[in-house]
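No value in this document is a laboratory result; all are computed from the given coordinates. Here the structure is a predicted model, which means the values were calculated and not measured. Backbone-built Cβ (ideal geometry, glycine too); neighbour counts: all protein chains shown.
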Amino acid sequence: MNEFLEPGSFVRHPDMPDWGLGQVQSVVGHRITVNFEHVGKVVIDGTRILLVPEFLPRQ
């Protein structure tokens, strides 16, 4: 379900909006490491959490 993710992608955690915007650092199997604005690096189990993609406008 998180197959679209790759390092550099921007995401939000659906259950933790206060974590802010996150940037994917790595994807290894179902383990997704994301650096969130307000909590830092978190390892997400991609089989349990469907991260929400955030498409930022190009500058």
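Quick notes on this structure:
- Zone residues, the range 6-28, relative to LEU56, backbone N less than 17 Å from point 7 Å out along Cα-to-Cβ: 6-13, 19-26
- Taking amide hydrogens as placed 1.01 Å from N in the peptide plane, the amide H of LEU21 sits under 5 Å from those of GLU37, each at least 5 positions away in sequence or on another chain.
- Average projection area in nm² (convex hull over Cα atoms of the chain, one quarter of hull surface): 3.9
- Take every pair of alpha-carbon atoms less than 8 Å apart whose residues are at least six positions apart; their mean separation over the length of the chain yields a relative contact order of 34 percent.
- Exposed chymotrypsin sites (Phe, Trp or Tyr not before Pro) absent: longest stretch of the chain, with sites in DSSP loops and at most 11 other Cβ within 10 Å deemed exposed: 5-54
- Loop-located trypsin sites (Lys or Arg not before Pro) in the chain, at most 16 other Cβ atoms within 10 Å (DSSP): ARG48, ARG58
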